[in-house]
Structures are given as C-alpha cells and as structure tokens.
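What follows is one structure encoded as structure tokens, with my remarks underneath.
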Amino acid sequence: MKENNIEQLEFEKEAFLSIFPLELKLKIKEINEFENLIEVVLDLGRKPEARFPNKTIYLREEPASKEEIESIIYKLGVFDRDNRAGIEKTLHRISGIFNRKNEVIGLTCRVGRAIYGTIEPLKDIIKGDKSILLLGKPGVGKTTLLREAARVLSEEMGKRVIVVDTSNEIGGDGDIPHPGIGNARRMQVPFGKAQEDVMIEAVENHFPEVIIIDEIGRIEEAKACRTIAERGVRLIATAHGTNIENLLVNPTLQDLIGGITAVTLGDEEAIRRGTQKTILERKSPPTFDVLIEIKERGIYAIYHDVADTVDSLLREFPVNPEARSVSDKKIIGNLTFQAESERPIKIFPLGINTSYLERAIHSVNSSVEIVRDLNNADIILANRKVLERKSDLIDFAKRIGIKIDTIDKMSLKGFKEYIKKVKDKKIFKSSLNYDELESFIRKVIEQKTRLELPAESDDILQEEQNFVSKFGLKSEIIGLKPNRRIIIYPEKGQ
C-alpha cells in the first residue's frame, strides 16, 4: 500500500510538471519543494510565480508570454463550465482568467493532493450507519474528508459507494477516478444536467449503500437528499454554511436538518412551557442524523443527534457538541479544541512599558503573546494606578472571564519575573469566591431566571457546580476553553 502511494505521488508530480514549458519545469524541479508547492501562477506580462505556504518564488525575471499560456492550454484541452481544467488520474486543477474576448490571459495551476489518514478522529462515526452532514468554511478540508470517507467505506468495509462528483474535485479529472476514493464508483455531472438528477439516478440505477456528495447548495438538491434518505440509502455530504445555526436561518437548506415551522399553542400549553403562544418547532425528521462542524483543519464539533440539537436551539436551550481534534497523535474527546500547552497565553497590556514586556517574553522564551484586542486576551496586565481609573474595563473583564493582574516592578527584571510565573502557570492558581457565587444563586432564585457566570478554569467550574447543587438548582457547563462557563437554572436539579 505504501509503495503504491509513493508511485502515485511520483506520477502526480510528473503529470503536473509536464504541462509547463521546459524552462519553467526545470526551475520548479530546481526549487526542490514540490511537497509544499501550493500553485504555479502565470499571468500575461508578469513574472511566473511558484507559491508556497509562507513564500512566493519568481520562476524567472522575464514575464509570461501568450505562447507559453497557449502551450499549457493545448496540453490540457478545453476548460469546463467553471473555467477549469484538470489532469487525468490526478487532483490537480488549472483555472483560467479570461479577457473580454474570452481569451485566456492568466492561469492558476493548483496542486491537488489526496491526504490519507485525515479521517482518523471521525473514523468511528464514518464507519457507523448514520447519515453525516459536514459544514465548514472553504479550505478547511471538507472535500478531503469526503474523499477519505469514500476510500475507507469502499475499501476497508466493502460498502457499495457512489460519489456524485459535480466539479470532479473528489475523484479528479478524466474518466478514470483518482485512487484516493478507493473502490468507490464515481458519477460525474454532465453539462446541462443538474446535480440532483444525477443523485436520484445513482439510487435508481446503481443500488448504492452510501452516496457521497460535495456542496449541497440548492433547494432541489436538499429535496433529492431527503428522497435518497427515505429510500434507506446512507448519505455523507457537505453543505454551504459554517455551523448549524446557519442552516436554521437558511430557508433553502433547512430541510436538511428537519425544517422549521411556526406553531400556535393553546393558552394552557403556552403557560406550562413559559413561552409565547406562537413558537418555532422542527417540521420533520432531519435528513442527516449527525452534523459535524469543521472549525479548522483537524478540529471538529460533532452533534450526534441533529433532531435533538435543532429542538434545543429552537427552544433556546444550550447545546454542547462533542469536540475532537488530533493533538500529540491522540484524539481529544472533549471541548478542549487546542492543547493548553500549545496555545500561547495572551496578555493585554494596560498602562505599562510594552517594549520591556516584549523583551521579557523573548528573554524567558515563553509561549506568551501581546494582543491589542481585549476580547482575545487571557490576562490584562496593568499599571495599578491606571487600572484604578478603569472601572468599566474591570467590569467588562470580569463579565467575560479575563484575569486581571497588576505589576509593581516596572523594570525589565520585574517583567521577566512575571513572565516566568505565567510560564509556570502559577499565575492561574485561584480559589472560588463563595460569597460572590452565593449572591448569584440568590439572584437566580429570587428572579426565577437563569444566569450565566464568567468563564473559569475546569477546577473552578467543578467547584461552582458542586456548590450550586447544594441549593437544589440545576447547572450546566458550556463553551470552549478559555471561555468555558457555567449557567445556573432556576429549575430544580435532578
């Protein structure tokens, strides 16, 4: 398997380089960083560029010529309806920029790669039997996950899998699909035919157990998904949107998660629920059982029961997804989206010498950052006299759970001592203020309303919950580090 992958990678590298004129091909080889190459850009009258994650290298000083651009197009053939072309048996994508005469005057030659193993944190869900919807902004790896899902289900589990590939991004260009989709079969969407028609055709003609679809974006496609699900075929798909709340307010795609309808309650029922007479409720069972939000590459928020999640959101109840990521080769199954040791501690300076602070951070070699946006801060480090005049800032910081520290020694040595304490995390040791917490609890009881407390560490949150339970009230921890916090409800706890 490993040898086959190496051979495929070498084939894909040579296939990409082969489209360029000899001079540019040799220069790209000379750079010797193909594994990091993102794309090669040729614009008429400008120097050709090779783009990498953290740099851009000009391939030569002379600008790209019309003849060079035309020679690449000749090797590729025609562009499709998206002004893109591909290379058969690869995931490479070449996109054209056209002038008003419909002539190509620029090319973006993007390197496509199948990344194996990215599905590991979600493998138990993928190997299950529930339909899965993936959400996330462009570039976070949705299509890569679909490709890996197709491979795992078809090769490792022997499932009958069909990929409906509208833009050939999952299975690559040409009639023979990329080996990255395993034994899955691929149906392309021809010109003049809608994606939803091919989806239904796949079910009716080819008897799949699983259908994989990229980018559900139209109401007709959402309806086709429901039809497929009702026929007992499992779906794994991506949709436009970054989180489940996006779908709730998107009338085009609401049906994917059950749809929303307005319901008028009777007087007694409205009083019993403590709501208005007209409320929003889920209209039908969701098409997808599980929803996964891709926060960043390799970081996932998982809603295992879409129906229950939608019901909770419509009732304005808190929802708490499971979060997973890959960190130190271990799957994290809680709400810590980033390992605490990896995340820098962020300090907001107030009335202090920032040059001394920067030098102290550099000298101690500590994972500490200076931030200028208070909302991003973990700590406000302040001059005591300046802080005394900022009561509104103190109130705001307490409300959103930012720690406030003052520093007396305004020397470089004083700042170094402080940063060392932060590095050792001694600075975060604190104890629960029981008097303040009790006043919050009394407020919840008297006003019969829920109350959200400022963010705290996990140890403090547990102490808070234990203390709340002594008053017979229900509480819940919500949010993500470093903003995990507790909500106290006026209802009696179990």
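Some observations on this one:
- Which listed residue, of Glu35, Glu61, is surrounded by fewer than 11 Cβ atoms within 10 Å (Cβ to Cβ), in a loop (DSSP other than H, G, I, E, B) and out of contact with any His (no Cβ under 7 Å at 6 or more places or on another chain): Glu61
- Test: residue in the stretch 91-104 that is surrounded by 14 or more Cβ atoms within 10 Å (Cβ to Cβ) and of a type in the set (Phe, Trp, Tyr): no
- Positions within the stretch 372-385 being surrounded by fewer than 16 Cβ atoms within 10 Å (Cβ to Cβ) and modelled with pLDDT of 80 or more, in sequence order: Arg384, Lys385
Matching residues to (1) among the hydrophobic types (A, V, I, L, M, F, W, C); (2) outside the structural domain of Phe11 (by TED's automatic domain parsing); (3) in contact with a strand residue (DSSP E or B) (Cβ under 8 Å, 6 or more places away or on another chain):
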position: Gly139; (1), (2), (3): no, yes, no
position: Leu145; (1), (2), (3): yes, yes, yes
position: Ile170; (1), (2), (3): yes, yes, yes
position: Ile176; (1), (2), (3): yes, yes, yes
position: Gln188; (1), (2), (3): no, yes, yes
position: Gln195; (1), (2), (3): no, yes, yes
position: Val198; (1), (2), (3): yes, yes, yes
position: Ile219; (1), (2), (3): yes, yes, no
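- Cβ-Cβ under 8 Å pairs, at least 6 apart or on other chains, the stretch 96-107 side farther than 11 Å from Asn83 by Cα, far side assigned to a strand (DSSP E or B) and among the small types (Gly, Ala, Ser): Gly106/Gly96
- When each of Ile73, Ile94, Ile38 is tested for being in contact with a Lys or Arg (Cβ under 6 Å, 6 or more places away or on another chain), of a type in the set (A, V, I, L, M) and closer than 30 Å to Leu146 by Cα, the lone residue that passes is Ile38.
- The stretch 363-422, residues that are touching a residue at least 60 places away in the same chain (Cβ under 8 Å) and in a loop (DSSP other than H, G, I, E, B): Asp378, Gly401
- Thr118 being surrounded by fewer than 21 Cβ atoms within 10 Å (Cβ to Cβ), closer than 27 Å to Ala237 by Cβ and among the hydroxyl-bearing types (Ser, Thr, Tyr): yes
- Test: residue in the stretch 346-369 that is within 16 Å of Asn483 (Cα to Cα), at pLDDT below 75 and not polar (S, T, N, Q): no
- Meets criteria (farther than 22 Å from Ile125 by Cβ and among the acidic types (Asp, Glu)) for Glu196: yes
The values are calculated or read from the model by the stated rules, or taken from the named source; none is laboratory data. Since the model is a prediction, treat every value here as computed from it, not as a measurement. All Cβ positions, even for glycine, are placed from backbone atoms using ideal geometry, and neighbour counts span all protein chains on display.
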